[in-house]
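Written below as structure tokens is the structure these notes are about.
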Amino acid sequence: MTRREEIAAGLAHTRERIAAACDAAGRAPDEVTLIVVTKFFPVDDVLVLLDLGERNFGESRHQEASAKVAELARLEPEHPGRWHFIGNLQSNKAAAVAGYADVVHSVDRAKLIAPLSRGRAETAALSRDPLQVLLQVDLDPAPVSASDRSRGGADPASIPALADSVIAAEQLELRGVMGVAPLDEDPDQAFEQLARVSAQVKGRYPDATWVSSGMSGDLEAAIRHGATHARVGSAILGSRVVGR
Ligand SMILES: *Cc1c(COP(=O)(O)O)cnc(C)c1O
């Protein structure tokens, strides 16, 4: 099998899973946008995906993402795709990420808002739209220790205030919420909680309708609980050599 055939097969299988999960949940398959997570995979794979009609790509580390976006801009200046930044975001990288991402899924603290907005304002000279933002919710039921910086996600109780701060920021547009089901928990429980937080946010801000949840291993559970965006990597591109 060529790499292209491999990717096409993974893509077809994933699209079938999404369609079946939507069907089982009484939802239309076009209610779920597939984001292909290309982290740890080369630009060549992104070119194949573009050729196969994919338009949404996810990256989780700033260094890798910025290099890939730049290389793609060189190879494919009319690049029609959209970049979703889905990884833990350091505040000293936030302004740079706002320069090339179309959507940031991982806003989980107030400290990120000013640099994201400022970074976007600096690229607004290129007449870009506001940066679309999702609030990442911590779905782990165990309390977070102050030293645990790896987990990512805001305490559900702090989400309403965070939503207010995003709304108040000039260059940011609040689109919804994002969550990652904890490894050793029941994904249905985690995504149920995410759906509750989403309903709360939508109650205040009706345009914030997106729910980014579901990965290769749990996209069915995510779609059962209202996912509008699934972030799928390994089921399409194969297993990554490094990372998670
Ligand atoms: C890597 C990653 C994914 C994709 O995970 P797969 O299991 O490869 O589908 C989705 N979301 C986030 C936040 C990730 O970091």
Residues of region 202-244 that turn out to be touching a Phe, Trp or Tyr at 6+ places or on another chain (Cβ under 8 Å) and at pLDDT below 95, as a count
4
Between a residue in region 11-28 that is over 13 Å from residue 228 (Cα atoms) and any residue that is polar (S, T, N, Q), which pairs come within a Cβ distance under 9 Å, given they are 6 or more apart or on different chains?
14/216
Are there any helices (runs of 4 or more DSSP H) wholly within region 153-244 with 2 or more residues that are away from the ligand (no atom under 16 Å from the Cβ) and crowded, with 19+ Cβ neighbours inside 10 Å, and if so which?
159-168, 187-204
Condition test on residue 132, is it out of contact with any strand residue (DSSP E or B) (no Cβ under 8 Å at 6 or more places or on another chain) and either over 15 Å from residue 229 (Cβ atoms) or surrounded by fewer than 24 Cβ atoms within 10 Å (Cβ to Cβ) (or both)?
no
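The values are calculated or read from the model by the stated rules, or taken from the named source; none is laboratory data. The shown structure was predicted, so the numbers you read here are calculated from the model rather than taken from an experiment. Note that each Cβ is placed from the backbone with ideal geometry, even for glycine, and that neighbours are counted across all protein chains shown.
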